[in-house]
1. Simple spin-label model, 7 Å along Cα-to-Cβ: Thr196 to Lys121 in nm?
2. From the residues Val242, Ser125, Val212, which one has its Cα farthest along the dipole of region 104-294 in the positive direction, the dipole being from +1 and -1 charges on Cβ of Lys/Arg and Asp/Glu about the Cα centre?
3. Quick one, could you list the DSSP H helices from the chain stretching 24 Å or more along their long axis (Cα atoms) with average Kyte-Doolittle hydropathy of -1.0 or above?
4. Can you list residues from other chains, or at least 5 along the same chain, whose modelled amide H is less than 5 Å from the amide H of Ala269?
5. Which of Ile238, Ile291, Ile39 moves the most in a Gaussian network model of the chain with Cα springs under 10 Å?
6. Hey, quick one: spin label on Arg225, modelled 7 Å out along Cα-Cβ, who in region 117-149 has an amide N within reach, i.e. under 18 Å?
7. In percent, what relative contact order does region 104-294 have, based on Cα pairs under 8 Å that are 6 or more apart in sequence?
8. I need the peptides 16-23, 51-58 ranked by packing, meaning the mean over residues of other C-beta atoms within 10 angstrom, with the highest value on top.
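Just so it is clear, none of the values below were taken in a lab; they were calculated from the coordinates. None of the values given here were measured: they were computed from a predicted structure. As a convention, Cβ positions derive from the backbone with ideal geometry for all residues, glycine included, and neighbour counts pool all protein chains shown.
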Amino acid sequence: MRFTKLSDASDKYNEDIYWIALQDNQYLISTSNVINYYIKNKSLKSLYNNNFNDLINLGMDSQKARKFINYTKKLNFNNIQEIYNKLMKDDMSIVKYVDEEYPTNLRKIDNPPILLFKKGKLHISNTNCIAIAGTRDPSHYGRIMSRKIAYDLTREGYTIVSGLAHGIDEWAHNGALEAKGNTIAVLAWMNPEYPTEHHQLLQEIIINGAVVSEIFTRPDNRSARGKFVQRNRITSGISSCVIAVESDEVGGTVHQVKIALEQKKLVFALKPKSNKRAMRGFKTFKDLGAIPITSSKDILNTLKTRMAQSVIKKAKSQQVKLDKIVED
């Protein structure tokens, strides 16, 4: 196979191609390095021709610089063009870190994705989002409460974020749709659809919200499973808070809660009913710092209180500044 080097490509490819080539490659080059380079050069095109010293000057360590150079040597831009053609054919868009639509909250996390692939009509920037996460095997009570909480919060103007998985995720999405509001599904990858059983739900979300992922194609190796965990930082990253609805003391939901708390997000945990497994998870969530709730009212009251406290704090800060100006 003949690899298409950038020097061969000339101006054949548009700017999006050079961004797509970096999808899910934070282990090679950090988002901050990419953004700094783009701000300076107004394009990522020449990044792929940089030598070792150029990359070191960009802020990369020697190990990453060598890995990045090896990656660029094997990179086939024709393959990236095929990905671009497919996503355009499937009516998807690319939301780059530097784009206006890139979620404001997501820019604030430590390791934001370089870009998001998106399908759907919802403009995902500055959306007032709340994430709901939980077990794939919920109790009857868990299913009802996930749907009701999502419904109630949607009616209050919030966008529900979840992962399209079986169980709590699907009930949360359905609650938002039932309330005729917006919902966002954060996926491990865009292509192929997963889980296939949720094809109809996926189509409804595309019409009434958006589907996003930092990865276009499912990895064909053992790393695929880890992508479900990797997306957790995006789910909580674009949200103002996370609600945990049923989980054991270990698992994906516990990881999601830990990530959310590391991001300094507010986390709520629904108190389960007569479910030993869920009670173990609930205790874990409380020990980690989650706020116990029994209904959507608890969430809304807490959010309103926090918002009022934030307004008061901001007003006091502004008053201090004014007083200082007067004194001067």
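1. My value for the distance between the label points is 3.0 nm.
2. Result: Val242.
3. On the way: long enough: 296-327 (46 Å, -0.53).
Membrane-span-like by this criterion, though nothing is claimed about a membrane: 296-327.
4. Distant-sequence amide H within range of Ala269: Ala244, Ile291, Ile293.
5. Ile39
6. Correct set: 136-137.
7. Numbers: 411 pairs, mean separation 44.4, N = 191.
Reported relative contact order: 23 percent.
8. Per-residue Cβ counts within 10 Å, averaged per peptide and sorted highest first, yield 16-23, 51-58.
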